[in-house]
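The values are calculated or read from the model by the stated rules, or taken from the named source; none is laboratory data. It should be emphasised that the depicted structure is a prediction, and the values quoted were computed from it without experimental measurement. Positions of Cβ are backbone-derived with ideal geometry, glycine not excepted, and every protein chain shown enters the neighbour counts. For the accessible areas, the whole protein counts, side chains as well, though only heavy atoms, and no ligand, DNA or RNA atoms are used. Shrake-Rupley method; radii C 1.70, N 1.55, O 1.52, S 1.80 Å.
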Amino acid sequence: MSAVQELLLLPLTLLALQASLCHGACVEVDSDTEAVANEGFKLGCISCKMRGEVPAMASVKWSFKASDETEFTDLYSYEDQKAEIIDPRFYERLDWNGSKNTDDLQDGSIYILNVTFNDTGTYRCIFSRTLKYPDYEYNISPNKTIVMNVVPRLTRGLASILSEVMMYVSIIGLQLWLVVEMIYCYRKIAAAGEEALRESAAEYLAIASESKDNCAGVQVAE
């Protein structure tokens with residue numbers, strides 16, 4: 001291997017080593033808000049740390065306000081990798097769906113089993129995070145609010161319908177373009193074939209005429 005190739009491979013090697021030490025990026029994605037009755041539903045709650053290199057500890061608490069209620073009530077808590085269902089309406093129907101095997105929680109999502117119409121309402125997710133710096137600790141409490149609606153069956157959004165219509169329009173447009181291209185190519189090949197036949201016929205007539213002239217010349221000479 002030449003010295004130039006070694007110099008080119010060195011930056012790539014360093015990037016590969018750095019990539020292997022990197023952790024997965026955290027992205028705050030909004031939760032879905034439409035649940036289907038008698039099915040499961042994930043209430044998403046993600047709170048990313050602004051300083052990923054700072055160690056931290058966090059706990060998550062959920063509260064719930066039904067559509068016919070005016071106050072939030074405690075629903076669920078997750079702390080020290082232990083979960084507790086507080087609201088009796090959700091006993092045996094809630095599962096932790098967030099960060100696993102860590103006290104540095106960034107995903108505080110939960111999963112509702114066997115959704116009912118009584119689950120319609122507003123859900124609030126509150127993080128209690130402690131950032132641990134060398135000389136002090138800093139506490140923050142980010143929160144998310146989700147308004148969930150329970151429907152008999154999943155309804156399609158306008159964006160989904162438009163995307164499907166555009167997909168079918170694109171497919172039909174491509175098929176029409178292929179048909180036009182096939183017709184164009186067929187006509188071009190047919191025209192080239194006819195031209196070749198005409199040239200062959202003219203060449204045949206020229207050869208026949210030349211042969212006839214030669215035969216006539218031979219007879220005169222005799």
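Accessible surface for the stretch 43-127, divided over its residues, is 53 Å² per residue with a 1.4 Å probe.
If you plug the beta carbon distance of Tyr111 and Lys132 into 1/(1 + (r/R0)^6) with R0 = 35 Å, you get a FRET efficiency near 0.75. In this rough spin-label picture, where each label sits 7 Å from Cα along the Cβ direction, the Leu197-Ser141 distance is 9.0 nm. So if we plug the beta-carbon distance of Met50 and Leu174 into 1/(1 + (r/R0)^6) with R0 = 45 Å, what FRET efficiency do we get, rounded to 0.05? Efficiency, from the Cβ-Cβ distance: 0.45. Projecting label points 7 angstrom from Cα along Cα→Cβ for Cys185 and Ala25 puts them 4.2 nm apart.
Taken over the alpha carbons of the stretch 45-174 as equal point scatterers, the Debye sum produces base-10 log I(q)/I(0) values at 0.09, 0.18 Å⁻¹ of -0.39, -0.97. Surface composition of the stretch 110-151: carbon and sulfur atoms hold 49% of the protein heavy-atom accessible area at a 1.4 Å probe.
By the rule of a C-alpha distance below 17 Å, with chain neighbours fewer than 8 residues away ignored, the lysines paired with Lys132 are Lys49. Report the calculated FRET efficiency for Arg124 and Val151 (r = Cβ-Cβ distance, R0 = 22 Å), to the nearest 0.05. That pair, Arg124 with Val151, gives E of 0.55.
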